[in-house]
Amino acid sequence: MKKAINQSTLSLVLNGISIIALVIMAVSLVSYNDANKQLRKAYEDRFNLTYNANRFMNGSAYLTNEVRAFAATGNETHYNNYMNEVNNLKNRDKGVSAMQEIGITDDEQAMINEMSSISNELVPLEETAMRQTKGGQNEIAINYVYGEDYETAITKINALKEEFLQKLNDRTAQTVGNLVNKVDFIKKEMQVWLAIVAILQLFSMIIIRHRILRPVTIIRDQMIEISKGNLSSDFSLEPDTSEIGMLVDSIYTTKHDLKKYINDIDIKLASMANGNMDLEIEDNYQGEFLPIQDAMHKILDSLNNILSKINFTAEKVLSESKRMASGAQTLSTGAERQASAVHKLSSNIQEISRNIDHTSNDANNAKKYSSDGSKQLELCNSKMAELSAAMQEISGSSQQIGGIIKTIEDISYQTNILALNASVEAARAGTAGKGFAVVAGEVQSLANKSAEAAKNISGLISESISLIEQGASLTNSTKLILADVVNNAQQSTNLIGNIAASATQQSQSLRLATQEMEQISEIVQTTAATAEESSMSAQQLYNHSDELKNAIHSFQLRNNYNNIQVL
């Protein structure tokens, strides 16, 4: 399996870089906000510094203007404005305090101090000019406020004002420019990191689509094919050491195991369908296939057990039906012999009747014939006893066969129940149990045929039993009649010596005997026909038993089930 980076590791790396970039963006955003605050404060400080610087300078210029206006006009309003500025408004002092509070450099403070010092030096001149103005000496006052010293001081103050304002403006402009550059740098830095995050996310989306979504889609389609039972569909992905690769490897393993299980089940069911029950289920099934393995074990064991019992029962039925057929054949042969003997006896009696007129001369011969007839009747009576015993044995065998047929019906019923259970299990197994359902159907069909054959045999046995009972009844009647005949024959033998004296009576007795012999002949003929029918029925039972035995022998059973016996 080839080496490949795990999707989780790759996603972790990409997401980690994205998170780092986002953290840097967050830090940059905080820095950007802080820089913006500093920039706003720098703008505000620049404005306030400029405003207060102008306030300081305008305050000085205002005092100068008011003192000059008062000196030139003598208007008390200008004097009051001057004093109000000095004593109340104090714009110069407030402007300096505000600038100091905002923050100024040492050079700027030195320039303010220098301007304040020069301004303070002008205060005595201004006070003197205002006193002279109040004293009416306006010319002198004007000379003071417009004099060279005063003008020089004002010029110097204005020069310092210009320099101060320029330095203040340059310094604050530089501070604002630095902050603007810093804000722009942070803004560009944020844009760069945002672009990096966007590129990483785009790359992550491409990686996820190519290495996760596309394989997952292919895996989904493959799982759909597997759910449809198609284990031979094309699968283009190759296994590797990544998570998706391991999933692909598990799908290949699953398909291989499913094919192995299905192939093994198909081979086993095909062999069972062909009648081979001498199979062993390998113990290599796992998971949810273990119940199928156990079910196949139980089905094979049950089929071997049931079929072996059916085989044994079929052999028993075959043996009993063969013996029954043999007995019925013997009965038929005995009945034919009996009919022949009775026919001969009737002919002899008729011959005696025709020669009754010669009784006197042929008394000895008649006695001899009568003695022979008595022996033949005794022999016939003995045969009838044997026939009666044979009929009883046939009746008993028929009852045993009826019990065997009942056993076959029970086996057929149990086989049918087993086949139904197997069909239910095959239905539960779904597509994988179709082949097994076919076998279950064949077993059920065999059970139905066995039940039908047993039913037919049972009908034939019932007919045979009925005919045998009728033959037994006729045999008993014949036995009683033969007993009477034997008794009469014995009496005839005893009376032969007196035949001359009782010829007429003997002739009548012989006529009666002739009539009875005709009746016996009819009964014997009926018995022979019944015996023949019993023989045919027994032969049919034997043929059906042989067919059942041949059908069972079409199944190849396990060795330990070949000699099983039914209890």
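Could you name the lysines whose alpha carbon sits less than 18 Å from that of residue 41, not counting residues in the same chain fewer than 8 places away?
Counting by Cα, and skipping residues close in sequence, residue 41 has these lysines nearby: 182.
What FRET efficiency do you get for residue 76 and residue 180 if R0 is 41 Å and r is their Cβ-Cβ distance, rounded to the nearest 0.05?
Once rounded, the FRET efficiency stands at 0.20.
Leaving out ligands, DNA and RNA but keeping every protein chain, what accessible area does residue 450 have, in Å² rounded to the nearest 10, with a 1.4 Å probe?
Approximately 10 Å² of residue 450 is accessible to the 1.4 Å probe.
How would you rank 311-318, 213-220, highest first, on the average number of other Cβ atoms within 10 Å across their residues? Spell out each step's value before the answer.
Details: 311-318: 20.8, 213-220: 13.9.
Going by the mean number of other Cβ atoms within 10 Å, highest first, we get 311-318, 213-220.
Any idea of residue 280's accessible area? Nearest 10 Å², probe 1.4 Å.
It works out to around 120 Å².
Average projected area of the Cα convex hull of the range 1-80, in nm²?
Dividing the Cα hull surface by four gives the mean projection, 7.9 nm².
Of 268/316; 322/549; 90/156; 298/449, which pairs sit farther than 19 Å apart, going by alpha carbon to alpha carbon?
Numbers: 268/316 31 Å; 322/549 13 Å; 90/156 21 Å; 298/449 23 Å.
In this structure, 268/316; 90/156; 298/449 exceed 19 Å between Cα atoms.
Just to be sure I understand the model, the point goes 7 Å from the Cα along the line to the Cβ. What's the resulting residue 208 to residue 243 distance in nm?
1.2 nm
Cα extents of the range 89-183 along the three principal axes, largest first, in whole Å?
63, 25, 17
Given 4 °C and 1.567 mPa s, compute D for the range 113-252 with the Stokes-Einstein relation, Rh being the Kirkwood radius over Cα pairs; round to the nearest whole µm²/s.
D, rounded to a whole number, is 55 µm²/s.
For the pair residue 400 and residue 484, what calculated FRET efficiency results from E = 1/(1 + (r/R0)^6), where r is the Cβ-Cβ distance and R0 = 35 Å, to the nearest 0.05? Walk me through the numbers before you get to the answer.
Working: r = 35 Å, r/R0 = 0.99.
With R0 = 35 Å, the Cβ-Cβ based efficiency is 0.50.
Describe numerically, in nm with one decimal, the distance between label points set 7 Å from Cα along Cα→Cβ at residue 218 and at residue 522.
Label-label distance for residue 218 and residue 522, simple model: 10.0 nm.
From the convex hull of the Cα coordinates of the range 253-325, what is the mean projected area in square nanometres?
5.5 nm²
For residue 536, what accessible area in Å² do you get when you roll a 1.4 Å probe over the heavy atoms of the protein chains, rounding to the nearest 10?
110 Å²
Taking 25 Å as R0, compute the FRET efficiency from the Cβ-Cβ separation of residue 455 and residue 333 and round it to 0.05.
0.20
Between Rg and the Kirkwood Rh of the range 1-153, both from Cα atoms, what is the Rg to Rh ratio?
Result: Rg/Rh = 1.53.
The values are calculated or read from the model by the stated rules, or taken from the named source; none is laboratory data. Because the structure is predicted, anything quoted here is derived from the model rather than measured. With ideal geometry, Cβ positions are generated from the backbone for all residues, glycine too; neighbour counts draw on all protein chains shown. The accessibility values were calculated without ligands, DNA or RNA, using every heavy atom of the protein model including side chains. Shrake-Rupley method; radii C 1.70, N 1.55, O 1.52, S 1.80 Å.
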